[in-house]
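Student: Can you read through this structure? Questions will come right after.
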Amino acid sequence: MTSHTLRATRPAPPAPGGRPGLNQRRLPRWAPAATAAVSVALGIGIGLAAGLESRVQWGLIAALLFLAISYGVTSAVENRRQAKDRLATSVVWVCFLLAVVPLLSLIWVTLSRGVKVLDGYFLTHSMAGVPGFETGGGVYHALIGTLEQVGLATLVSAPIGLLTAVYLVEYGRGALARAVTFFVDVMTGIPSIVAGLFILSIMLIAGLQPSGLMGALALAILMVPVVVRSTEEMLKLVPNELREAALALGVPKWRVILKVVIPTAIGGITTGVMLAVARIAGETAPILLLVFGSQLINSNPFDGAQSSLPFYIWEQYRVGSEASYDRAWAAALVLIAFVMILNLVARGIARWKAPKTGR
């Protein structure tokens, strides 16, 4: 074997500037977990030593220490290039934890306080004849109101949003399409109280009485732009080759949209509608203005005042007694479960209606 061959097979030393070589040292896989454990211990210790009582402050100190220790250790063992990469990864994990921890804390508090009165009786009885400061009563009337109001809002907004999105994607050209897109963007940021005031003005002009329908119309205004945007993006994902192939066979454009484009995107469209439903399920301001609330069970959304889960939570919290607080937390738990079920249904439909791939 010649000296030239030996030189060719010898491991290359680390290049200047921190470029890794074949013989470079690397941290073990458990290093990030160990760094996190050390950072948490140091954060707690520093917080206690400094007299900080808030655990949030301890967590922030631990997060900063985790970033600093990760960068320093990686720089010492590997190189600065790997240290920057590790720092970016650590920042992503810290941001993820900062987003998840409040959510988990909210779910835990709602569960721990909501299960006190959440049972079959609570779900099947109303507050009729029950003083707010006493125990007893249930959420049945509010649950019925929420289901009916959200259902009516969906029946109104889903067809309007779908047809608007079809127009923008398939036909929209020129000034009218730009104007529709602009107003959809504006409606996306409309506060719920503005939608409630708009329907309230119509009620006062027409001499209408508060009802679940009035609240559903306000919720539909909030729901339409969400449906339009989600449906528009789903329709844009349909390959143009499918449209061109159908049009090449002499199929009319309206039939191509009805038989090819919409069935291809139906999974994403359904998901967008369900997410829009979840978005309006917790609105309170339009219900306060237009539905007025009721302690009785009213299953007719077209006549008389109704209640809803968000209104019920606000109403019980306003009473200020221990029993009303328990009912408010239990209703909040029911509302979270309702939204969670809608999201799970949306994911299931999206997976069920997703285009099948295979050989």
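Any read-out appearing in this document is the output of simple, stated calculations on the displayed coordinates, not a laboratory observation. This is a predicted model, so every value here is computed, not measured. Cβ atoms come from the backbone with ideal geometry, glycine included; neighbour counts cover every protein chain shown.
Student: Dipole magnitude of the chain about its Cα centre, charges +1 at Lys/Arg Cβ and -1 at Asp/Glu Cβ only, in debye to the nearest 20?
Tutor: The calculated dipole for the chain is roughly 2240 debye.
Student: At a temperature of 4 °C and a viscosity of 1.567 mPa s, determine how fast region 253-331 diffuses translationally according to Stokes-Einstein, using the Kirkwood radius over alpha-carbon pairs as Rh; express D in µm²/s, rounded to the nearest whole number.
Tutor: Diffusion coefficient, whole number: 84 µm²/s.
Student: Continuing with the same structure: Across every pair of different alpha-carbon atoms, what Kirkwood hydrodynamic radius in Å does region 140-353 reach?
Tutor: Evaluated over region 140-353, this radius sits at 18.6 Å.
Student: OK, next. Considering only C-alpha atoms, what is the centroid distance from region 37-116 to region 221-248, in Å?
Tutor: With region 37-116 and region 221-248 each reduced to a Cα centre, they are spaced 42 Å.
Student: Tell me the Kirkwood radius of region 109-218: reciprocal of the mean inverse pair distance over distinct alpha-carbon atoms, in Å. Can you show the working numbers first?
Tutor: On the way: mean 1/r = 0.0566 Å⁻¹.
Hydrodynamic radius (Kirkwood, Cα only) of region 109-218 equals 17.7 Å.
Student: Let me ask something else. For region 185-241, what log10 I(q)/I(0) values come out of the Debye formula at q = 0.20, 0.22, 0.23, 0.28 1/Å, with one point per alpha carbon and no solvent?
Tutor: The Debye formula, applied to the Cα set alone, gives -0.75, -0.83, -0.87, -1.07.
Student: Moving on. Just need the Rg to Rh number for region 201-319, please, alpha carbons only, Kirkwood Rh.
Tutor: 1.19
Student: Using the Cα centre of region 28-113 as the reference point, and only Cβ charges (+1 on K/R, -1 on D/E), how large is the resulting charge dipole? Debye, rounded to the nearest 20. Kindly include the intermediate steps, with their values, before the conclusion.
Tutor: Working: 7 positive and 3 negative charges, 34 e Å.
With Lys and Arg at +1 and Asp and Glu at -1, about 160 debye.
Student: Could you bin all the Cα-Cα distances of region 28-113 into 5 Å bins starting at 0 and give me the percent of pairs in each, rounded to whole numbers?
Tutor: With a bin width of 5 Å, the distribution comes to 3, 14, 20, 20, 18, 13, 7, 3, 1, 1.
Student: Suppose the Debye formula is applied to equal point scatterers at every Cα of region 173-213; what is log10 I(q)/I(0) at q = 0.15, 0.32 Å⁻¹?
Tutor: The Debye formula, applied to the Cα set alone, gives -0.54, -1.00.
Student: Additional query: Remind me, relative contact order of the chain in percent, using alpha carbon pairs under 8 angstrom and six or more residues apart?
Tutor: Details: 455 pairs, mean separation 69.3, N = 359.
Over the chain, the number comes to 19 percent.
Student: Just to confirm the number: angle between the C-alpha axis of helix 262-280 and the first principal axis of the chain, 0 to 90 degrees, nearest 10?
Tutor: 70 degrees
Student: Further question: If you consider only alpha-carbon coordinates, what radius of gyration and Dmax does region 48-193 have, in Å?
Tutor: When restricted to Cα atoms, region 48-193 yields Rg and Dmax of 26.2, 72 Å.
Student: Could you work out how far helix 80-114 tilts from the main Cα principal axis of the chain, as a 0 to 90 degree angle to the nearest 10?
Tutor: For 80-114 against the chain, the angle is about 30 degrees.
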